[in-house]
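The values are calculated or read from the model by the stated rules, or taken from the named source; none is laboratory data. Here the structure is a predicted model, which is why all the values come from computation and not from measurement. Here the Cβ is made from the backbone with ideal geometry for all residues, glycine too, and neighbour counts use every protein chain on show.
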Amino acid sequence: MKTLPLEKALTFIEPGPLTLVTTFDGKKPNVMTISWTAALDFNQHILLVTGPWNYSFDALLKTKECVVCLPGPALLKKAVQVGMISGETEDKFKKLRIKTYPAKKVKAPLLAGCVACLECRVTDYIKKYGFVILQVMEVWHNERCRDKRLVHAVGDGTFTADGEHFNLRALMKEKLPPGL
């Protein structure tokens, strides 16, 4: 083993899958790329980290709703491009040819081609850390998506995709909540 600069710490523990988060401010939809996400509990609470540096942030706090979409490897380049364009000056959906579908419980759209989309409402915001706590209200799974691997940002401009799965459900049976 050898020591590395502290800045490398996040490249080993980047928390969750890369997401595309859609919002609707009452006038127009927008989408932002968020790579800092985490599951919080078995009651469908999730966390994403964002703040005023993202144009969609105001809409997220104002409307208290969004859709968290999980792109697979096929959408990785587009997901990065979404994060490089400001929705304040550009229509990302038009510019990047992103197809949307209406959501069921929120006004923000679902994104075509994603592995899954989670309709959410904001339940809390912890300003000090930029933590936005979400309650998932509806889950959409794209059965037509060929490559269902989730993508993870390493934190240095590189990405990985989930690989082999290991089924140890029998060992964890006592700990799994009903429905899982």
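Does at least one position in the stretch 70-83 carry a residue that is buried (at least 19 other Cβ atoms within 10 Å of the Cβ), under 10 Å from the mean Cα position of the chain (by Cα) and modelled with pLDDT of 95 or more? Checked against the condition, which is being buried (at least 19 other Cβ atoms within 10 Å of the Cβ), under 10 Å from the mean Cα position of the chain (by Cα) and modelled with pLDDT of 95 or more, the stretch 70-83 yields at least one hit. Just the residues that are out of contact with any Pro (no Cβ under 9 Å at 6 or more places or on another chain), basic (K, R) and touching a residue at least 24 places away in the same chain (Cβ under 8 Å), please, taken from the stretch 93-126. If the condition is that a residue be out of contact with any Pro (no Cβ under 9 Å at 6 or more places or on another chain), basic (K, R) and touching a residue at least 24 places away in the same chain (Cβ under 8 Å), then K104, K105, R121 are the ones that fit.
Taking the stretch 138-148 as the search range and keeping residues that are touching a residue at least 60 places away in the same chain (Cβ under 8 Å) and out of contact with any Pro (no Cβ under 6 Å at 6 or more places or on another chain), which one is farthest from F24 (Cα to Cα)?
In the first step, residues of the stretch 138-148 are kept if they are touching a residue at least 60 places away in the same chain (Cβ under 8 Å); the result is 145-148.
Imposing the further condition that a residue be out of contact with any Pro (no Cβ under 6 Å at 6 or more places or on another chain) reduces the set to 145-146, 148.
Details: C145: 25, R146: 28, K148: 26 Å.
So the residue we want is R146.
Of all residues in the stretch 91-104, those satisfying the criterion of being part of a loop (DSSP other than H, G, I, E, B) and surrounded by 13 or more Cβ atoms within 10 Å (Cβ to Cβ) are D91, L96, I98, A103.
Each row is one residue, and each column tells you yes or no for (1) hydroxyl-bearing (S, T, Y); (2) farther than 18 Å from E65 by Cβ; (3) modelled with pLDDT under 95.
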{"residue": "K99", "(1), (2), (3)": "no, yes, no"}
{"residue": "L110", "(1), (2), (3)": "no, no, no"}
{"residue": "G113", "(1), (2), (3)": "no, yes, no"}
{"residue": "F131", "(1), (2), (3)": "no, no, no"}
{"residue": "H152", "(1), (2), (3)": "no, yes, yes"}
{"residue": "E164", "(1), (2), (3)": "no, yes, yes"}
{"residue": "L171", "(1), (2), (3)": "no, yes, yes"}
